[in-house]
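Engineer: First the structure, then my questions, so here it is.
The values are calculated or read from the model by the stated rules, or taken from the named source; none is laboratory data. Small disclaimer: the values here were computed from a predicted structure and weren't measured. Virtual Cβ from ideal backbone geometry, glycine too; neighbours counted across all protein chains shown.
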Amino acid sequence: MHPYLIHSGHLLLPTFGVLAALGLMAALTLSLRTATIVGLNPDKLWNAGLFTLLSAFVLSRLLLIAANLHNFLTYPILLLTVPSLTSTGIFLTLLATLIYLRLHHLPILDTLNAWSPCATLIWAFLALGHFAEGSDAGLPTTLPWALAIPPDHTRLHPIALYAAIAAALLTLFLLHQLKHHPHSANTLVTALATAGTIQFLLTFFRQPYPYTSSTLYTTLDPIQWIALGMIVVAAVIVLLPGKLVTHAV
């Protein structure tokens, strides 16, 4: 495991943060290409992507501060370094993004199609970051590629590595699909349904979610609920009337 690229005294450069930043820049750069494929202005799609990323960061931090105001007043810098993207933050980010797209006259379907391989590319980089820092632990296994986790060197499924490989392969497939069907909802539907299915299946090899006081989470853990939500949204798009979806793949 390599949680830090640089660790010298008080100077810490986390591997996850570096890979996350590289993933975001790679996704924005890829959006210039996917924008051309679907016939959108690359600069407008870049700006929309940047707005979405900044909205996710700002809104998640505002929600974190609102929920922990006392701790923020006491330790402002420390609190702001805590990962804080929640389901509420994701919902507000989606709402803000939809408003932005409408105001800037970007067609929602083409934009989401163009963003689909970009989103899975970010997922691949984030999964690599989790793999590097040793988070996202899996269940014990005797498979030869299992990770030996100190101090007792228990061998666990490398869930983050599974996710990174799946996300990278999905990104390549989505780019192929987008080139052949740039103006149908196929790319978006495939991204939602496949990513949701992969995430749901990976939870069977991942250590259980630790917070089980809620009845909701004793049935399924949060990742499973989100994964099912993605699959349901994909199904709803397919079932929408009209010619929104072209079924040729």
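Engineer: If we only count helices (runs of 4 or more DSSP H) wholly inside the stretch 133-247, which ones have 3 or more residues that are of a type outside the set (Lys, Arg) and either modelled with pLDDT of 85 or more or under 22 Å from the mean Cα position of the chain (by Cα) (or both)?
Structural biologist: Details: elements: 159-180, 186-202, 215-219, 222-239.
By residue number, 159-180, 186-202, 222-239.
Engineer: Go through (1) of a type outside the set (Gly, Ala, Ser); (2) farther than 23 Å from SER135 by Cα; (3) in contact with a strand residue (DSSP E or B) (Cβ under 8 Å, 6 or more places away or on another chain) and name the single condition VAL18 misses.
Structural biologist: (2)
Engineer: Tally the residues that are in contact (Cβ under 8 Å) with a residue 24 or more places away in the chain, aliphatic (A, V, I, L, M) and surrounded by fewer than 18 Cβ atoms within 10 Å (Cβ to Cβ), restricting the search to the stretch 116-148.
Structural biologist: Residues in the stretch 116-148 being in contact (Cβ under 8 Å) with a residue 24 or more places away in the chain, aliphatic (A, V, I, L, M) and surrounded by fewer than 18 Cβ atoms within 10 Å (Cβ to Cβ): 2 in total.
Engineer: Can you pull out the residues in the stretch 18-62 that are outside any helix (DSSP H, G or I) and among the hydrophobic types (A, V, I, L, M, F, W, C)?
Structural biologist: LEU40 - this is the single residue of the stretch 18-62 that is outside any helix (DSSP H, G or I) and among the hydrophobic types (A, V, I, L, M, F, W, C).
Engineer: I'd like to check something: does the stretch 99-110 contain any residue that is within 19 Å of MET230 (Cβ to Cβ) and modelled with pLDDT under 95?
Structural biologist: Yes, the stretch 99-110 contains a residue that is within 19 Å of MET230 (Cβ to Cβ) and modelled with pLDDT under 95.
Engineer: LEU98: over 19 Å from GLN199 (Cα atoms) and in contact (Cβ under 8 Å) with a residue 60 or more places away in the chain, yes or no?
Structural biologist: Details: over 19 Å from GLN199 (Cα atoms): yes; in contact (Cβ under 8 Å) with a residue 60 or more places away in the chain: no.
Taking the combined requirement at face value, the residue does not satisfy it.
Engineer: Enumerate the pairs (first residue in the stretch 162-174 and surrounded by fewer than 21 Cβ atoms within 10 Å (Cβ to Cβ); second residue anywhere and of a type outside the set (Asp, Glu)) with beta-carbon separation below 7 Å, excluding pairs fewer than 6 apart on the same chain, so at least 6 apart or on different chains.
Structural biologist: If the second residue must be of a type outside the set (Asp, Glu), the pairs left are TYR162/LEU202; ALA168/ALA124.
Engineer: Additional query: Does ALA48 satisfy being closer than 30 Å to LEU161 by Cβ and of a type in the set (Gly, Ala, Ser)? Step through it out loud before you land on a result.
Structural biologist: Working: closer than 30 Å to LEU161 by Cβ: no; of a type in the set (Gly, Ala, Ser): yes.
Taking the combined requirement at face value, the residue does not satisfy it.
Engineer: Still on this structure, please answer the following. For the stretch 84-98, name all the residues that are closer than 14 Å to ASN47 by Cα and aliphatic (A, V, I, L, M).
Structural biologist: ALA96, LEU98 - these are the residues of the stretch 84-98 that are closer than 14 Å to ASN47 by Cα and aliphatic (A, V, I, L, M).
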